[in-house]
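Engineer: Sending over a structure as structure tokens; questions will come in a sec.
Please treat every number below as a calculation from the coordinates, not as lab data. Fair warning: this is a prediction, and the values are worked out from it, not measured in the lab. Cβ placement follows ideal geometry from the backbone for every residue including glycine, while neighbour counts extend to all protein chains displayed.
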Amino acid sequence: MKKYLPLLLGVLPWLTFAAEDGRQLVQMPPEARAEMRAEMLDFQSSLHQIIDALASGKSAEAADIAEAKIGVSAMGRHRNSPPNARPGMFMPNDMHMIARNMHVAASEFARTARGGDVAKSLGALQPVMGACVACHRSYRTQ
């Protein structure tokens, strides 16, 4: 028993943390949740591509990816979907604002990245990723 005590003491706080989820539950149909999840996974892939392009000295490529995949140009992805598959229809106003601000920030990043300064580009990327963090720390759909 004594050899398992450190393990139990290490696991118990995590079990307590897992039970407490103070994020706001956003109810939406499974179709809308699936669309939003697919879009977020696309955003993750795009962010990976953007960082890779910046690390490779390809600022213009990073800008193109950001604008096309995350920026204002990417808004409206669900406009032709049936209503039950449009996540935005079910988002609280503050969640919707975070999403809009992320799109705007991605377009601003793209403009900055076209200047070729990697340090400035990384600084401009922070609000994009910060929107992801803010939303995921504030909201849940399950």
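Engineer: For Ile51 and Asn84 in the same chain, what is the full-extension length gain: residue separation times 0.36 nm, less their Cα-Cα distance, in nm?
Structural biologist: On the way: separation 33, 0.36 × 33 = 11.88 nm, distance 3.37 nm.
The Ile51-Asn84 span can extend by a further 8.5 nm.
Engineer: Measure nothing fancy, just the Cα-based angle from helix 5-19's long axis to the longest principal axis of the chain, in degrees from 0 to 90, nearest 10.
Structural biologist: The angle comes out at about 60 degrees.
Engineer: At Ala60 and Asp94, where each label point lies 7 Å from the Cα along Cα→Cβ, what is the point-to-point distance in nanometres?
Structural biologist: 4.3 nm
Engineer: Could you compute the net charge surrounding Met95? Neighbours are other residues with a C-beta less than 12 Å from the C-beta of Met95; K and R count +1, D and E count -1.
Structural biologist: Local net charge: +3.
Engineer: Under a point spin-label approximation (7 Å from Cα along Cα-to-Cβ), what is the Ala68-Arg114 distance to one decimal in nm?
Structural biologist: Label-label distance for Ala68 and Arg114, simple model: 1.5 nm.
Engineer: Between Asp42 and Ser138, how high is the FRET efficiency from 1/(1 + (r/R0)^6) when r is the Cβ-Cβ distance and R₀ = 25 Å? Nearest 0.05.
Structural biologist: Values: r = 21 Å, r/R0 = 0.83.
Taking R0 as 25 Å, the efficiency between Asp42 and Ser138 is 0.75.
Engineer: I'm checking a number: the convex hull volume of the Cα atoms of the range 27-140, normalised per residue, in Å³. What is it?
Structural biologist: Per-residue hull volume (Cα only) is 83 Å³.
Engineer: Quickly estimate the mean residue ellipticity at 222 nm for the chain, helices only: each DSSP H run with n ≥ 4 gives -39500 (n - 2.57), and the total goes over all residues, rounded to 500.
Structural biologist: Counting only the DSSP helices, I get -22500 deg cm²/dmol.
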